[in-house]
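Engineer: Pasting a structure here, questions to come.
The values are calculated or read from the model by the stated rules, or taken from the named source; none is laboratory data. All values reported here derive from a predicted model rather than from experimental measurement. All Cβ positions, even for glycine, are placed from backbone atoms using ideal geometry, and neighbour counts span all protein chains on display. Remember, those area values only see protein heavy atoms, side chains included, never the ligands or the DNA or RNA. Shrake-Rupley method; radii C 1.70, N 1.55, O 1.52, S 1.80 Å.
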Amino acid sequence: MKKTEWALWDSNGYNSFTMVSKSASICLLQSAGELSLTELASISQHAKGLSPEELLKLEATLRLDVESEFDARFLAGHLAQQSWTMCSALEQALDQWLLDENLHQELFLQVYGAAFPDRVEDLKRDLEVRDHGVAFEPIQHLMGSEFEVLCLLSYDELATVKAYRALLPQYRLLGPSMTPLLDLVVRDEGQHYAIFARILRAQYPARLGEAADQVDKIRSNEGTPYGSTFVLDHDCDDWTDSIFDETVIQLKRAL
């Protein structure tokens, strides 16, 4: 498949990210906002052929995907209430980011319903009361300014790309109908990372010398119990030290 590169280079000419192009299948999925009945039937059929162990792991992964993408609305609301002034570039980026994350949540929920029809209503009920568990206090020290938030968003979106890529074999147990969705999500998360990092470089050139320490600070807070904050939603075994460390190295190079 054709690739497209986002121009985010460091002083050594290091390209920080290459992502999947916006193919026809991605455009169709994005415009429709839903998987087709044929695609959902294929997912359901593939799920029926999986072992109990595979189903158990896949159910947990998909549930976390739905919940975390759902939590984007809580982060958007929290950022809107901060005392610091948000630049227009970040406001616009967050508007598109929220639309994308909401779409991801809706699509993953459709996949979950096709693969686990007996459990999907329970998941929907859990989402309705998910706001009761929102807790930003444990990570508020990473969000004290726009500069810090841009570092956090850049780190988190890049780590998410790496996690989704690592999980591709697991998702594809549900068949080829998952491919357009996975391509869409990886592409979107990569674009979010590139945009947030670009804004950080453009708005705070005099503070880029502080970025490495800030990224290390974010990394050191991995393991903080997750409170439906969207960022640092890494409370499961799918997230590894390797993912975190590779994210730190790549982000430092890009900044």
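Engineer: In nm, give the distance between the simple-model label positions of ASP95 and GLU210, each being 7 Å from the Cα along the Cα-to-Cβ direction.
Structural biologist: 2.8 nm
Engineer: Now, a different point. Enter the accessible area per residue of the chain (Å², integer; probe 1.4 Å; all protein chains in place).
Structural biologist: 46 Å²
Engineer: Would you compute, from DSSP H runs of 4+ residues alone, the mean residue ellipticity of the chain at 222 nm, taking -39500 (n - 2.57) per run and dividing by the full residue count, rounded to the nearest 500?
Structural biologist: -21000 deg cm²/dmol
Engineer: Kirkwood-based Rg over Rh for the stretch 48-179 (C-alpha set), two decimals?
Structural biologist: Radius of gyration over Kirkwood radius for the stretch 48-179 works out to 1.01.
Engineer: Please state the charge dipole magnitude for the stretch 93-160, taken about the Cα centre, from unit charges on C-beta atoms (+1 on K and R, -1 on D and E), reported in debye and rounded to the nearest 20.
Structural biologist: 200 debye
Engineer: If you don't mind, there's one more thing I want to ask. Once log10 I(q)/I(0) by the Debye sum over Cα atoms at q = 0.11, 0.14, 0.15 Å⁻¹ is worked out from the coordinates, which option in (1) -0.68, -1.04, -1.15; (2) -0.66, -0.92, -1.00; (3) -0.59, -0.97, -1.11 does it equal?
Structural biologist: Comparing each candidate, only (3) matches the computed number.
Engineer: A further question on this structure: Listed here are the pairs LYS48/LYS162; LYS48/LYS124; LYS57/LYS217; which of them are more than 24 Å apart at the Cα?
Structural biologist: Violating the 24 Å Cα-Cα cut-off are LYS48/LYS162; LYS57/LYS217.
Engineer: Can I ask one more? Where in the chain are the helices, taken as whole DSSP H runs, whose Cα atoms extend 18 angstrom or more along the long axis and whose Kyte-Doolittle mean reaches at least 0.0?
Structural biologist: Those that pass (Cα extent of 18 Å or more, hydropathy at least 0.0) are 146-166, 178-203.
Engineer: How much of the accessible area of the stretch 96-177, in percent, comes from carbon and sulfur atoms when a 1.4 Å probe is used?
Structural biologist: 53 percent
Engineer: Whole Å is fine, so just give me how far the alpha carbon centre of the stretch 192-213 lies from that of the stretch 50-70.
Structural biologist: 34 Å
Engineer: While we're looking at this one, here's another question. What's the extension gain from SER83 to THR224 if we count 0.36 nm per residue and subtract their Cα-Cα distance?
Structural biologist: Extending this stretch completely gives an extra 48.4 nm.
Engineer: Report the gain in length on full extension from ALA202 to ALA24: 0.36 nm times residue separation, minus Cα-Cα distance, nm rounded to one decimal.
Structural biologist: 60.9 nm
Engineer: Could you work out, for the stretch 29-88, what percent of all Cα-Cα pairs fall into each 10 Å distance bin, beginning at 0 Å and stopping at the bin that holds the largest distance?
Structural biologist: That works out to 17, 29, 28, 15, 10, 1, in percent per bin.
Engineer: Return a whole-number percent for the relative contact order of the chain, with Cα pairs under 8 Å and 6 or more residues apart as the contact set.
Structural biologist: 31 percent.
Engineer: Taking the Cα centre of the stretch 193-255 as origin, work out the dipole magnitude from +1 charges on Lys and Arg Cβ and -1 charges on Asp and Glu Cβ, in debye rounded to 20.
Structural biologist: The dipole of the stretch 193-255 has a size of about 600 debye.
Engineer: Further question: At 7 Å along Cα-to-Cβ for each site, give me the label-to-label distance between GLU34 and ASP241 in nm.
Structural biologist: 4.6 nm
Engineer: Related question: With charges only on Cβ, +1 for K and R and -1 for D and E, what is the dipole size of the chain about its Cα centre, in debye, rounded to 20?
Structural biologist: Using only the charged Cβ atoms, the result is roughly 820 debye.
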